[in-house]
Amino acid sequence: MLKVVFIVLGALSLVLGVLGILIPGLPTTPFLLLTAALWMKSSEKLHNRLLSNKYLGPYIVNYEKRKGLTVRQKRYAILSMWILISLSFFLLSGNPSLQLILIFAGITGAATVWYLVPNGKNED
């Protein structure tokens, strides 16, 4: 029964991670890592499919291998996040309250990536 719960939670986490690619403020990497951890404990088949996925697998494999994100990956993640935040900021030009929330979420997300995600080793 616990395996089924982990599989369902992993699927939900995967959906949130994929949505995080498109929605500013919703993180991608933590949800993908959570999916990998949940599926590793519940379904070797799903875990292997996730790791071998053309688009999502390399992020998880690199994170596991390097024990974090390289400074270059962190910069890219933060830059991508701010590009989408900027786009959303201008689309919400008539709502200063939402713009303020968006900016606060962006600062929080960038600080989290920069300071809380461990620095991984560069590939040899």
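Summary table below
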| read-out | value |
| --- | --- |
| Distance between modelled label sites at Trp82 and Lys45, nm, 7 Å Cα→Cβ extension | 4.5 |
| Sorted largest first, extent of the chain alpha carbons per principal axis (Å) | 48, 39, 24 |
| When each of Lys41/Lys121; Lys3/Lys45; Lys45/Lys74; Lys3/Lys121; Lys3/Lys67; Lys41/Lys65 is checked by Cα-Cα distance, pairs over 24 Å | Lys41/Lys121; Lys45/Lys74; Lys3/Lys121; Lys3/Lys67 |
| Relative contact order (%) - criterion: Cα under 8 Å, at least six apart; region: segment 2-116 | 23 |
| Rounded to 10°, Cα long-axis angle of helix 71-91 versus longest principal axis of the chain | 50 |
| Rh (Kirkwood; distinct C-alpha pairs) - segment 36-89, Å | 12.8 |
| Cut-off 12 Å, label 7 Å out along Cα→Cβ of Leu98, residues of segment 61-91 by amide N | 88-91 |
| Point-charge dipole on Cβ atoms (K/R +1, D/E -1) for segment 2-116, about Cα centre, debye to 20 | 420 |
| Length released on extending from Lys54 to Met1, taking residue separation times 0.36 nm less the Cα-Cα span | 16.1 nm |
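Computed from the coordinates by the stated procedures, all read-outs in this text should not be read as laboratory data. Predicted, not measured: the structure shown is a model, and the values here were computed from it. Positions of Cβ are generated from backbone atoms using ideal geometry, with glycine treated the same way; all protein chains shown enter the neighbour counts.
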